[in-house]
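The values are calculated or read from the model by the stated rules, or taken from the named source; none is laboratory data. What you see is a predicted model; the values in this text were computed from it and never measured. Counting neighbours? That spans all protein chains shown, and the Cβs are built from the backbone with ideal geometry, glycine included.
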Amino acid sequence: MAVTQKKTILSGIQPTNRLTLGNYLGAIKNWVKIQSDYTCFFMAVDQHAITTRQKPEELRENTWFAIASYIAAGIDPATCSLFIQSQMPQHTQLAWILYCNGYMGELNRMTQFKDKSSKTGANIPVGLFTYPLLMAADILLYDAQLVPVGEDQKQHVELTRDVAQRVNGIYGEDAFVVPEAFIPKVGARVMDLQTPTAKMSKSAVNESGSIFLADSADQIEKKFKRAVTDSGSDITFDFNEKPGVSNLISIQAAITGETIDAVVQRYQGKQYGHLKVETAEIVRGELLPIQLKTRELLADRGELIRILRLGAEQAAVVADRTLKRIYDRVGFVRFES
Ligand code: ATP
Ligand code: LTN
């Protein structure tokens with residue numbers, strides 16, 4: 001009987017703040033759904049996080065929180081490798097080789113770099129510029145075929161493909177596995193509740209537009225009640241005409257698993273107020289068990305450490321293999337130990 005090997009997926013979130021509903025619906029919930037079909041690597045990318053200034057104590061706490069949230073949301077540490085990026089030195093080792101094969105011009109075209117560097121003032125950290133190549137290293141190190149990310153990260157995965165193909169052209173076709181972005185259909189883009197034309201983000205200046213996974217029931221209710229809606233009173237789905245209303249509809253669909261049309265149907269003849277209150281209820285119901293489990297896990301660091309040690313060990317098997325392969329291809333002297 002032919003043994004079909006599972007494909008490998010890898011993804012990560014920056015622990016730059018407490019995670020948001022956007023991170024959950026755009027990333028983690030999707031990971032949970034697909035985890036049994038793939039060999040999975042999920043991490044907290046703390047090295048990416050320091051491309052913007054972080055307070056050390058907050059970064060550490062947010063990193064623990066991210067890992068606890070993954071598990072609380074349903075990532076199974078017995079079948080997925082869960083780890084923290086900075087605990088795997090192989091990522092920056094491979095990144096150096098990619099820095100020598102990526103081009104200034106292609107990094108300059110990255111929209112996230114343009115956005116973030118426009119906000120730093122005159123002193124733009126080098127890491128903000130080279131960031132996509134560290135992300136490429138994260139992905140290529142594990143021979144990942146699929147990279148589950150939101151729309152906003154597609155450009156970085158495209159860059160990873162370009163660099164991987166370039167390296168393969170120079171050092172041999174099987175140096176790297178060329179990955180693909182894997183973008184969920186529903187819930188791919190959760191928008192800010194106050195500015196529904198911008199994506200919900202952990203580091204938004206106005207926190208009332210973001211739902212954090214740690215928000216209380218009361219905070220969730222208040223934020224949805226104050227959510228910006230649109231002119232008119234009909235509940236229809238159209239991100240150009242009605243971004244606020246459409247955002248609430250798509251949040252509901254992402255949680256309940258209904259189609260957008262089914263949610264719209266449920267609101268025929270109802271008002272914006274109903275939509276807001278019920279979206280808050282649905283979000284609260286989804287987050288409550290995750291919050292309880294996260295708290296439990298954070299109170300037991302010993303268990304989290306056990307999970308992370310195991311994840312790092314599993315990850316190291318693949319990462320070391322790739323790094324050796326690439327070191328040999330590039331021409332670095334290596335002694336077998
Ligand atoms: P920051 O505000 O620090 O830039 P962020 O909240 O945008 O962070 P990232 O760490 O950049 O989040 O993203 C982690 C993952 O979550 C990515 O796969 C990203 O596509 C997804 N994601 C982030 N925000 C959203 C959102 N609003 N809607 C859907 N997916 C999102
Ligand atoms: N750049 C991504 C986070 C990230 C990532 C990765 C995602 C870093 N390395 C590897 C997928 C695979 C972000 O900001 N969301």
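Of all the residues in segment 45-82, those that are buried (at least 21 other Cβ atoms within 10 Å of the Cβ) and among the charged types (D, E, K, R) number 1. When segment 12-25 is filtered for residues that are more than 10 Å from ligand 2 (Cβ to nearest atom), in a loop (DSSP other than H, G, I, E, B) and in contact (Cβ under 8 Å) with a residue 60 or more places away in the chain, the ones remaining, listed by number, are ASN17, ARG18, LEU19. Considering only residues that are within 7 Å of ligand 1 (Cβ to nearest atom), aliphatic (A, V, I, L, M) and over 15 Å from ASP138 (Cβ atoms), which ones fall in segment 11-61? LEU25, the sole residue that qualifies. Would you mind stating whether PRO56 is away from ligand 2 (no atom under 12 Å from the Cβ), more than 28 Å from PHE113 (Cβ to Cβ) and not β-branched (Val, Ile, Thr)? Spelling it out, it is not the case that PRO56 is away from ligand 2 (no atom under 12 Å from the Cβ), more than 28 Å from PHE113 (Cβ to Cβ) and not β-branched (Val, Ile, Thr).
Going through (1) surrounded by fewer than 21 Cβ atoms within 10 Å (Cβ to Cβ); (2) within 16 Å of ligand 2 (Cβ to nearest atom); (3) among the aliphatic types (A, V, I, L, M); (4) under 25 Å from ALA73 (Cα atoms) one by one, VAL177 falls short only on (4). The condition (being surrounded by fewer than 18 Cβ atoms within 10 Å (Cβ to Cβ), out of contact with any Leu (no Cβ under 8 Å at 6 or more places or on another chain) and in a helix (DSSP H, G or I)) is satisfied by just one residue among GLU286, GLU258, GLU296: GLU296.
Among the aromatic types (Phe, Trp, Tyr), modelled with pLDDT of 95 or more and either buried (at least 22 other Cβ atoms within 10 Å of the Cβ) or not in a helix (DSSP H, G or I) (or both) - does that describe any residue in segment 181-203? Looking through segment 181-203, none of the residues is among the aromatic types (Phe, Trp, Tyr), modelled with pLDDT of 95 or more and either buried (at least 22 other Cβ atoms within 10 Å of the Cβ) or not in a helix (DSSP H, G or I) (or both).
Against the conditions (1) within 16 Å of ligand 1 (Cβ to nearest atom); (2) in a loop (DSSP other than H, G, I, E, B), PRO77 satisfies every one except (1). Once segment 93-123 is narrowed to residues that are surrounded by 15 or more Cβ atoms within 10 Å (Cβ to Cβ) and of a type in the set (A, V, I, L, M), the residue that is farthest from ligand 1 (Cβ to nearest atom) is ILE97. Taking (1) assigned to a loop (DSSP other than H, G, I, E, B); (2) in contact with a strand residue (DSSP E or B) (Cβ under 9 Å, 6 or more places away or on another chain) in turn, SER250 satisfies each apart from (1). Here GLU221 fulfils each of the conditions (1) more than 30 Å from ASN62 (Cα to Cα); (2) surrounded by 15 or more Cβ atoms within 10 Å (Cβ to Cβ) apart from (1). Every test in (1) more than 30 Å from ILE255 (Cα to Cα); (2) among the polar types (S, T, N, Q); (3) within 11 Å of ligand 2 (Cβ to nearest atom); (4) surrounded by fewer than 19 Cβ atoms within 10 Å (Cβ to Cβ) is passed by GLN155 save one, and that test is (1).
Considering PRO184, PRO196, the condition of being within 13 Å of ligand 1 (Cβ to nearest atom) and either out of contact with any Ser or Thr (no Cβ under 9 Å at 6 or more places or on another chain) or at positive phi (or both) is satisfied by PRO184 alone. Among residues of segment 134-153 being modelled with pLDDT of 95 or more and not aliphatic (A, V, I, L, M), the one that is farthest from ligand 1 (Cβ to nearest atom) is ASP143.
Look at (1) away from ligand 1 (no atom under 16 Å from the Cβ); (2) under 21 Å from the mean Cα position of the chain (by Cα) and you find that GLU207 fails only one, number (1). Note on segment 22-75: residues that are acidic (Asp, Glu) and touching a helix residue (DSSP H, G or I) at 6+ places or on another chain (Cβ under 6 Å) total 1. Listed by first and then second residue, the pairs linking a residue in segment 294-316 that is closer than 19 Å to SER86 by Cβ to a residue that is hydroxyl-bearing (Ser, Thr, Tyr) and buried (at least 16 other Cβ atoms within 10 Å of the Cβ), with Cβ atoms under 9 Å apart and 6 or more places separating them unless they lie on different chains, are LEU310/SER81; GLY311/SER81; ALA312/SER81; GLU313/SER81; GLN314/SER81; ALA315/SER81; ALA315/TYR142.
For segment 26-40, the condition of being touching a Ser or Thr at 6+ places or on another chain (Cβ under 8 Å), part of a helix (DSSP H, G or I), more than 15 Å from ligand 2 (Cβ to nearest atom) and aromatic (Phe, Trp, Tyr) holds for none of the residues. Looking only at segment 1-15, count every residue that is buried (at least 23 other Cβ atoms within 10 Å of the Cβ) and either modelled with pLDDT under 95 or of a type in the set (A, V, I, L, M, F, W, C) (or both) and tell me the total. The qualifying residues number 3.
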